[in-house]
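J.: For reference, the structure I am asking about is given below.
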């Protein structure tokens with residue numbers, strides 16, 4: 001990363017989506033159909049600074065003055081620059097976030113049903129699924145079943 005980039009204002013690309021995990025997070029690049037596993041600290045930094053940031057300022061803020069922490073945070077941003085996930089701009093407000101709203105005409109779009117020994121509840125549940133507007137059903141069986149039972153479900 002160029003030294004001059006450290007003091008330029010930048011934002012995370014609008015086509016990059018963040019998702020927080022338990023032990024690490026993921027940054028999905030929708031444009032390139034790729035992803036980058038990132039530490040939760042970097043997730044926190046990016047989420048808390050969505051409106052734009054200067055890398056040098058963030059390094060000072062999050063490193064606590066520790067040189068090893070500074071190097072680690074610089075490395076995180078170096079990785080983002082190499083993956084072309086940051087946009088350097090003086091006008092971050094011009095970059096509108098991607099609209100992630102999604103609307104579905106039913107209550108639920110799909111359902112996965114784990115079928116165990118008690119198969120009677122299955123038919124009662126399957127009777128309710130169409131009323132919810134659900135179009136996709138996946139059944140998972142954890143014991144041997146007969147072809148006749150599957151035909152009974154389908155028909």
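Nothing in this text is a laboratory measurement; each read-out follows from the coordinates by a stated rule. All figures in this text were calculated on a predicted structure; none of them were measured in a lab. Backbone-built Cβ (ideal geometry, glycine too); neighbour counts: all protein chains shown.
J.: Just the projected area, averaged over all directions, of the convex hull on the alpha carbon atoms of the range 3-94: how many nm²?
T.: Working: hull surface 23.5 nm².
Spelled out: convex hull of the Cα atoms, projected over all directions, averaged, 5.9 nm².
J.: From Cα pairs below 8 angstrom and at least 6 apart in sequence, can you work out the relative contact order of the chain, rounded to a whole percent?
T.: Numbers: 168 pairs, mean separation 34.6, N = 155.
Averaging sequence separation for qualifying contacts and normalising by length gives 22 percent for the chain.
J.: Can I ask one more? Report the calculated FRET efficiency for residue 82 and residue 23 (r = Cβ-Cβ distance, R0 = 35 Å), to the nearest 0.05. Walk me through the intermediate numbers first.
T.: On the way: r = 23 Å, r/R0 = 0.67.
It comes out at approximately 0.90.
J.: Shifting gears a bit: Tell me the label-point distance for the pair residue 14, residue 60, using the 7 Å Cα-to-Cβ offset, in nm and rounded to one decimal.
T.: 3.0
J.: Note the full-extension length gain between residue 37 and residue 7 as 0.36 nm times their separation in residues minus their Cα-Cα distance, in nm to one decimal.
T.: On the way: separation 30, 0.36 × 30 = 10.80 nm, distance 2.52 nm.
Contour length minus Cα-Cα distance gives 8.3 nm.
J.: Any idea how far apart residue 93 and residue 152 come out in nm if each label point goes 7 Å out from Cα toward Cβ?
T.: In this crude label model, residue 93 to residue 152 measures out at 6.6 nm.
J.: I'd like the orientation of helix 67-82 relative to the chain: the angle between its Cα long axis and the longest Cα principal axis, in ° from 0 to 90, rounded to 10.
T.: Between the helix axis and the principal axis of the chain, the angle is about 70 degrees.
J.: Which residue fluctuates most in the GNM of the chain (Cα springs below 10 Å): 129, 81, 96?
T.: For the chain, modelled as a Gaussian network with Cα springs under 10 Å, the answer is 129.
J.: Still on this structure, please answer the following. Using the beta-carbon distance between residue 109 and residue 71 and R0 = 35 Å, what value does 1/(1 + (r/R0)^6) give for FRET efficiency, to the nearest 0.05? Before the final figure, lay out each step's value.
T.: Values: r = 45 Å, r/R0 = 1.29.
Approximately 0.20, to the nearest 0.05.
J.: Can you give the convex hull volume of the alpha carbon atoms of the chain per residue, in Å³?
T.: Values: hull volume 27.3 nm³, N = 155.
Expressed per residue, the convex hull around the Cα atoms of the chain is 176 Å³.
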